[in-house]
Amino acid sequence: TDGNTVAEIAKKIHREPAEIVKKLFLMGVVATQNQSLDKDTIELLATDYGIETEEKVQVDLTDFDTFFNQEVVEENLVTRPATVTIMGHVDHGKTTLLDTLRHTNVTEGEAGGITQHIGAYQVEEKGKLITFLDTPGHAAFTTMRARGADITDIAIIVVAADDGVMPQTIEAINHAKAAEVPIIVAVNKVDKPGANPDRVMQELTEYELIPEDWGGDTIFVQISALFNKNLDELLDMILLVAEIEELKADPKRPALGSVIEARLDRAKGPIATLLVQEGTLSQGDPIVVGNAFGRVRTMTNDKGRRVKQATPSTPVEITGLNIAPQAGDRFVVFEDEKTARQVGESRATAANEAKRSTTNKVTLENLFESL
Ligand code: GDP
Ligand code: MG
């Protein structure tokens, strides 16, 4: 049964079924103990007993999981650009790779535009866009993930061909595996006299990264980030993996996404670089970003140009928030500014309370520390 028979309801509210039957009779409803009652009758009965029925299940707007886990509308889905993070051991060429890509593959029509650092940028290859997170380093990657931002679709692990697999290479592989993102290995510095790409491939077999030529399924690209060698090949491989991954998003939904970086600017106030993950972010949108709220006052793209809209996988720098959020925070757009304010304020309050309760907690350990 659906749990709505007179007997079942009686049990739930700790009454005798006969009493319910009688009460119903007095209300003009003739029912037997095994009869199911409709919603209206249950409501009447509940009111009579002074019980609140749990009909009105409130959606908790402060819980962003609700928005992020929303069911997809299949027919609205469109292909979106991949978001790529570059990781690897120190000095193996992450920054050089990001710089070369950025300066040689500016989007069509954007050539000559001043590239400005907003924490992410897009390049164009074969008419398709790829979004690079401009913050190499494992700390950024793990911090973002720890805060709930799961934005990397593909990880590029850079390994210098003259140095081979090093501790942070292994760390990077582990991070990518934990995040369950596909890995492309960029064997860098192949221009150097001491370069030995084969050794890198050999070493990486230990970490289950086996080239296709050797019977595995990991893509290896030999590059020189400094001399811009084979970077087109790397971009093509990214597009290939992106296609296999079938990355899609719904540009029609209310926008949501994650914070790539944020700061407080003396003149402009709080500034945040957002990566749109679903929906289309528009200038003027009421928004909650982490525990901050406001309205999107201005939006600037990675070329320093003002834009009015940002579709999925597009990074934009926005102003208009009351406070600066943190990298890895998530954002959600709301219908109206009042709701955004309420949600933002209650999230800020909740965060402050959580902070206070943890700092006030005296454990044996920090008690000893303070002695
Ligand atoms: P990161 O620590 O991984 O960001 O490494 P960097 O990009 O700062 O590079 C470390 C050093 O390696 C710099 O001196 C770069 O110029 C150099 N480097 C990077 N890529 C290449 C390359 O492809 N070939 C050569 N010869 N040097 C490179
Ligand atoms: Mg660097």
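For GLU206 and ASP65 in one chain, what is 0.36 nm times their gap in residues minus the Cα-Cα distance, to one decimal in nm?
That pair, GLU206 and ASP65, stretches by 47.0 nm at full extension.
When the helices in the chain are scored as -39500 (n - 2.57) per DSSP H run of 4 or longer and the sum is shared across all residues, what 222 nm value do you end up with, to the nearest 500 deg cm²/dmol?
Using -39500 (n - 2.57) per qualifying helix, the result is -9500 deg cm²/dmol.
Tally Lys/Arg at +1 and Asp/Glu at -1 over every other residue whose Cβ is under 13 Å from the Cβ of GLU245; what's the total?
-2
Among the listed pairs LYS128/LYS268; LYS128/LYS252; LYS177/LYS355, give every one whose C-alpha distance is greater than 26 Å.
Beyond 26 Å between Cα atoms: LYS128/LYS268; LYS177/LYS355.
Just the accessible area per residue of the stretch 206-263, please: how many Å² with a 1.4 Å probe?
Solvent-accessible surface per residue comes out at 54 Å².
Which of the lysines could a cross-linker span from LYS12 if the Cα-Cα distance has to be under 19 Å and same-chain partners fewer than 8 positions apart are dropped?
Result set, ordered by chain and number: LYS22, LYS23, LYS39, LYS56.
What translational D, rounded to a whole number of µm²/s, comes out for the stretch 246-369 from Stokes-Einstein when the hydrodynamic radius is the Kirkwood one over Cα pairs, at 4 °C and 1.567 mPa s?
85
For the stretch 190-268, which trypsin sites (Lys or Arg not before Pro) pass both filters: DSSP loop (anything but H, G, I, E, B) and at most 12 other C-beta atoms within 10 Å?
The qualifying sites are ARG266.
Based on the mean of other Cβ atoms within 10 Å per residue, sort peptides 321-329, 69-77, 254-262, 204-212 so the most packed one is first.
254-262, 321-329, 204-212, 69-77
Given the Cα atoms of the chain, and with Rh set as the inverse mean 1/r over their pairs in the Kirkwood sense, what is Rg to Rh to two decimals?
Using only Cα positions, Rg/Rh for the chain is 1.14.
Using a basic spin-label model with each label point 7 Å from the Cα along Cα→Cβ, how many nm lie between GLU335 and ALA146?
3.7
Ignoring ligands, DNA and RNA, what percent of the 1.4 Å accessible area of the chain is carbon and sulfur?
Ligands and nucleic acids excluded, carbon and sulfur give 49 percent.
How large is the translational diffusion coefficient of the stretch 155-227 in µm² per second when you combine the Kirkwood radius over alpha carbon pairs with Stokes-Einstein at 20 °C and 1.002 mPa s?
Result for D is 176 µm²/s.
With the alpha-carbon atoms as the only input, what is the per residue convex hull volume for the stretch 189-267 in Å³?
Here the figure is 220 Å³ per residue.
The values are calculated or read from the model by the stated rules, or taken from the named source; none is laboratory data. Predicted, not measured: the structure shown is a model, and the values here were computed from it. Here the Cβ is made from the backbone with ideal geometry for all residues, glycine too, and neighbour counts use every protein chain on show. When the accessible area is computed, the model is the full protein with side chains, heavy atoms only, and any ligands, DNA or RNA have been set aside. Shrake-Rupley method; radii C 1.70, N 1.55, O 1.52, S 1.80 Å.
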